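Asker: Take this structure, written in structure tokens, and hold onto it; I'll ask about it next.
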Amino acid sequence: MNTLYWFTDDLRIADNPALVAAASDTNLTCVYCMDDAYFRTDRFGNQPIGKHRWRFLCESLRHLNDELLALGQTVNILRGDPNAAVATLLKAGRFDRVIRAKQHTYRGPDPWDRLQTDFPDIRFDEFDVSTLFSCKDLNFEHAFPNTFSQFKKAVGTLTYRNFLPSPDRLPTSLIELENDQLETSGPPGKQTGGATAAALHLTAYFGGKAASTYKDTRNNLLGEDSSTGFSPWLANGSLSPLQAVKQLRHYEATYGANNSTGWILFELLWREFFRWYAEYHGDKLYAFEGVIDQRPLTAFYGERFTKWRTGQTPWRIVNACINELNATGYLSNRGRQIAASCLVNELALDWRCGAQYFEEMLVDYDPCSNFGNWQYIAGVGADPQGGRHFNLEKQAEIWDNDHAYRDQWAKSTPPESIDSLDYYDWPIDAEKNGSS
Ligand SMILES: Cc1cc2nc3c(=O)[nH]c(=O)nc-3n(C[C@H](O)[C@H](O)[C@H](O)COP(=O)(O)OP(=O)(O)OC[C@H]3O[C@@H](n4cnc5c(N)ncnc54)[C@H](O)[C@@H]3O)c2cc1C
């Protein structure tokens, strides 16, 4: 077989069943599509890929290329519309097979479907690469568990897909493509992209004892090892969830399993849940009315959204979260919940503008986890309680009792009001000052 391998969210060589399948073909050409749509601004003013993830992605791809070079291969960067870019290659008639990692979601029509229609003589194969379970072992095509608890129960007795080591050789390339250099500017980030950095992080995390207290610390707003920090590498596939679980098991065998080590797996199951949830619900993952088909009572207040995304709300705890996100591309799970609850409940904004802002800013953006969690908080997702409204004062008191987080990330005094105009277009400050 002459195979085109399409890298997506599987930017690694190890534990990559799709790449192992490609390794036994006659010829192999590897590509990654840098979609034009990444750089287009949406109607809320967000761009799908911001500077943090762009840097991380470029580092990950450069590292992947180095790993492939050692096996006699290279990853070619295609630019433009993925459907058109891949179709151009296939039209030349040199390939009889296309392989990629199974995708659980795609906003809009997935080019994969269109390509299969347009090239009926070519074989298209997808493999489970980004999940713990194999699609064939799950039985969710017709009904998906309504809640995470039901999902957990349903997969409780299943075994994970097989862990696969790196192939020791890859076939040579059929064609030479003119390759793009991936340029990034700005200082390095907190996390470095690529499988080696992921492996180093994994080893360092399980080299200490943080996993044994994870359940008590995972909600902290500050602290390097409060949570595992695996998410950026998991999101673009430089790290597989099975690699993480393997190290977790090794840690448990060495230091003993407890509630905290078990909770790491519990959280990885949340990730797993949102992957299959996204696949089952299709476009509803991105729909205003969510998977429950109910439109929330919100509107679009431009000023409120601008203030939220620039950390200028009346709540210092929210401003601190947003400022951290903007500066680093990362935010703890608790911080994400606080910022999202504020946007949905206090500001009464369309949850999708927050989700799309997170998409731009997060270094670990993963459509399934991001939109799944936003839907959960907005009450249009998988939450049996019908949404989450966090009391911001209480959250600050519990999670930032000593003000250390707010002092680090939100030094200035917040404004008293989120709006500068009242509902009748009356300037609020002027009215208060009695000058109107
Ligand atoms: C509004 C909102 C948006 C989010 N957007 C994303 C996103 O784009 N990408 C992303 O990876 N996670 C997202 N999360 C989930 C979670 O906040 C992050 O996975 C976590 O904070 C990453 O840090 P960590 O790796 O240290 O997590 P840990 O607490 O160490 O958890 C270990 C792993 O479990 C998974 N996990 C943990 N919590 C969740 C969760 N609630 N949902 C799904 N998986 C989870 C992640 O893969 C994580 O790396 C979002 C949560 C909220 C509330």
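The values are calculated or read from the model by the stated rules, or taken from the named source; none is laboratory data. Model, not experiment: these values are computed from the prediction. Cβ sites come from the backbone with ideal geometry, for glycine too, and all protein chains shown count toward neighbours. SASA here: full protein model, heavy atoms, side chains in, ligands and nucleic acids out. Shrake-Rupley method; radii C 1.70, N 1.55, O 1.52, S 1.80 Å.
Asker: Amide H of Val98: which non-local residues (sequence gap of 5 or more, or other chain) have their own amide H closer than 5 Å, using H built in the peptide plane?
Answerer: Placed amide hydrogens put Leu4, Arg123, Phe124, Asp125 under 5 Å from Val98.
Asker: While we're on this one: Please work out whether the stretch 161-259 counts as rounded, prolate or oblate from its C-alpha gyration tensor, where a ≥ b ≥ c are the square roots of the eigenvalues and a/c under 1.5 means rounded, while otherwise a/b larger than b/c means prolate and anything else oblate?
Answerer: oblate
Asker: For the stretch 280-293, take each phi angle, set θ = phi - 60°, evaluate the Karplus expression 6.51 cos²θ - 1.76 cosθ + 1.60, and give the result in whole Hz per residue in order, putting x for glycine and proline.
Answerer: Taking θ as phi minus 60°, the curve returns 5, 8, x, 5, 5, 4, 9, 7, 3, 7, x, 8, 9, 6 Hz for the stretch 280-293.
Asker: Further question: Among Asp36, Asp364, Asp400, which one shows the highest mean-square fluctuation when the chain is modelled as a Gaussian network with alpha-carbon springs under 10 Å?
Answerer: Asp36
Asker: A further question follows. If you line up the long axis of helix 351-361 against the longest principal axis of the chain, both from Cα atoms, how many degrees apart are they, to the nearest 10?
Answerer: With rounding to tens, the tilt is 60 degrees.
Asker: Next up: Just need the relative contact order of the chain here, percent rounded to a whole number, with Cα pairs under 8 Å and 6+ apart.
Answerer: Contact order relative to length: 19 percent.
Asker: Counting other Cβ atoms within 10 Å, keep those with at most 12, restrict to DSSP loop, and tell me which trypsin sites (Lys or Arg not before Pro) in the stretch 113-177 are left.
Answerer: When the trypsin sites (Lys or Arg not before Pro) of the stretch 113-177 are filtered for loop state and at most 12 Cβ neighbours within 10 Å, Arg169 remain.
Asker: With 30 Å as the limit, write out which pairs from Lys102/Lys209; Lys51/Lys246; Lys51/Lys136; Lys215/Lys246 have Cα-Cα distances beyond it, or answer none.
Answerer: Over 30 Å Cα-Cα: Lys102/Lys209; Lys51/Lys246; Lys51/Lys136.
Asker: Ok, one more. Taking a ≥ b ≥ c as the square roots of the eigenvalues of the Cα gyration tensor of the stretch 9-165, is the shape rounded (a/c under 1.5), prolate (a/b larger than b/c) or oblate? Write down the numbers at each step before the final one.
Answerer: Values: a/c = 1.43, a/b = 1.20, b/c = 1.19.
Since a/c stays below 1.5, the shape of the stretch 9-165 is classed as rounded.
Asker: Taking the full set of protein chains and a 1.4 angstrom probe, give the accessible area of Tyr106 in square angstrom, rounded to the nearest 10.
Answerer: That residue has around 70 Å² of solvent-accessible surface.
Asker: Oh, and also: So which residue, out of Asp96, Asp402, Asp419, gets the largest mean-square fluctuation from a GNM of the chain using Cα contacts under 10 Å as springs?
Answerer: With Cα springs under 10 Å in the chain, the top fluctuation among Asp96, Asp402, Asp419 is at Asp402.
Asker: At 1.4 Å probe size, with no ligands or nucleic acids counted, give the accessible surface of Met361 in Å², nearest ten.
Answerer: The value for Met361 is about 20 Å².
Asker: What is the angle, in °, between the Cα long axis of helix 367-378 and the longest principal axis of the Cα atoms in the chain? Nearest 10 is fine, range 0 to 90.
Answerer: Roughly 30 degrees between the two axes.
Asker: Determine how large the accessible area of His63 is when every protein chain is in place; take a 1.4 Å probe and give Å² rounded to the nearest 10.
Answerer: Surface open to solvent at His63 totals about 40 Å².
Asker: Using just the alpha carbons, could you tell me how many Å³ per residue the convex hull of the stretch 75-234 encloses? List each step's numbers first, then the result.
Answerer: Working: hull volume 34.5 nm³, N = 160.
Cα-based convex hull of the stretch 75-234, divided per residue, equals 216 Å³.
Asker: Further, regarding this structure: Taking the Cα centre of each part, how many Å lie between the stretch 1-53 and the stretch 316-388?
Answerer: 26 Å
Asker: Still on this model: Who wins for biggest fluctuation among Ala327, Ala278, Ala244 in a Gaussian network model of the chain, springs between alpha carbons below 10 Å?
Answerer: The residue that fluctuates most here is Ala327.
Asker: Moving on to the next point. Restricting to DSSP H runs of at least four residues, report the calculated mean residue ellipticity at 222 nm for the chain, -39500 (n - 2.57) per run over all residues, nearest 500 deg cm²/dmol.
Answerer: The per-residue figure over the chain is -12500 deg cm²/dmol.
Asker: Please list, in order along the stretch 154-168, the HN-Hα scalar couplings obtained from phi with the Karplus expression 6.51 cos²θ - 1.76 cosθ + 1.60 (θ = phi - 60°), rounded to whole Hz, x for Gly and Pro.
Answerer: Running phi through 6.51 cos²θ - 1.76 cosθ + 1.60 with θ = phi - 60° gives 5, 9, x, 9, 7, 9, 6, 5, 5, 7, 10, x, 5, x, 8 Hz.
Asker: I want the local charge near Asn345. Using Cβ-Cβ distances under 14 Å, sum +1 for each Lys or Arg and -1 for each Asp or Glu among the other residues.
Answerer: Values: positive: Arg304, Arg388, Lys394; negative: Glu346, Asp350, Asp383, Glu393.
Net charge in that neighbourhood comes out at -1.
Asker: Here's a follow-up. Please list the non-local residues whose amide H lies under 5 Å from the amide H of Cys33, H modeled 1.01 Å from N, same-chain partners needing a gap of 5 or more.
Answerer: Leu78
Asker: What's the longest uninterrupted piece of the chain once you rule out the GluC sites (Glu not before Pro) that are loop residues per DSSP with at most 15 other Cβ within 10 Å?
Answerer: On the way: sites that count: Glu141, Glu176, Glu178, Glu183, Glu224, Glu289, Glu416.
Here the longest segment lacking exposed loop sites spans 1-140.
Asker: From Cα coordinates alone, what are the radius of gyration and Dmax values for the chain in angstrom?
Answerer: In Å, with Rg to one decimal and Dmax whole: 22.8, 80.
Asker: Going by the alpha-carbon gyration tensor, a ≥ b ≥ c the square roots of its eigenvalues, is the stretch 204-244 rounded (a/c under 1.5) or, if a/c is not under 1.5, prolate (a/b greater than b/c) versus oblate?
Answerer: prolate
Asker: Further question: State the antiparallel share, in %, of DSSP beta bridges confined to the chain, rounding to the nearest 5.
Answerer: Values: 1 of 23 bridges.
Looking only at bridges with both residues in the chain, the antiparallel portion is about 5 percent.
Asker: In degrees from 0 to 90, rounded to the nearest 10, what is the angle of the helix 316-328 Cα long axis to the longest principal axis of the chain?
Answerer: Compared with the principal axis, the helix lies near 30 degrees.
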